[in-house]
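The values are calculated or read from the model by the stated rules, or taken from the named source; none is laboratory data. Keep in mind it's a predicted model, so treat the numbers as computed, not measured. FYI the Cβ positions are ideal-geometry reconstructions off the backbone, even for glycines, and counts take in every protein chain you see.
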């Protein structure tokens, strides 16, 4: 990995921390020696990408990424367009709905609408979504070029639960089914007791840029309800795609949905 790549990887690590961390911990998490980690942190701090508390000497994410994110959202307003659709789907389903986007080589959550129910699935902003183990990952990968699919399947397929599918033949079948029906279904692949569906947000050429997903406790949502949730997720993803790329029909907006049983 290049020096710039290592520095950006360190920045990504800092961005995922739930609390401030010291030099030693950051170096360990990034598998860097302390001198290299300190050099990167000093340079990143000069440009506002990380901040160091002057009392504790610990580091946290800085304001520069926020500024860049605001500029990006102003010019390419995915969140502004997508959030009303995500909220509508969350209200209709009464389950956790989250939006993901592909950036920097991985798919990650960028917005979450929590279920109003006490027993609900918790999804964190910034969480990476493994291609083989999540509904979002399957929905995204199913619509990518064949060579990208094969590269993803050839990579290490981590087992997160006893139900995680790591057999490439089964995964290929799941991807074919996802592409055929327009949405994916994942049963306990990433977290035991959780089922989810997802549909891709696609560019005009057909390639996905992210996904809309609904996640629910398996104890509440039975198999028979998953196709209905998938259809609703696909409708939301399609509406976002059309509005984001200026392809929507007149008077298009957040789709009107009835409550999902």
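In table form, for the structure just shown:
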{"read-out": "Pick from segment 74-96, criterion loosely packed, with under 14 Cβ neighbours inside 10 Å and under 24 Å from residue 12 (Cβ atoms), ranking: modelled with the lowest pLDDT", "value": "76"}
{"read-out": "Selection count where residues are surrounded by 20 or more Cβ atoms within 10 Å (Cβ to Cβ) and in contact with a strand residue (DSSP E or B) (Cβ under 7 Å, 6 or more places away or on another chain), scope segment 210-233", "value": "12"}
{"read-out": "All helices (runs of 4 or more DSSP H) inside segment 120-193 with 2 or more residues being surrounded by fewer than 23 Cβ atoms within 10 Å (Cβ to Cβ)", "value": "146-154, 168-181"}
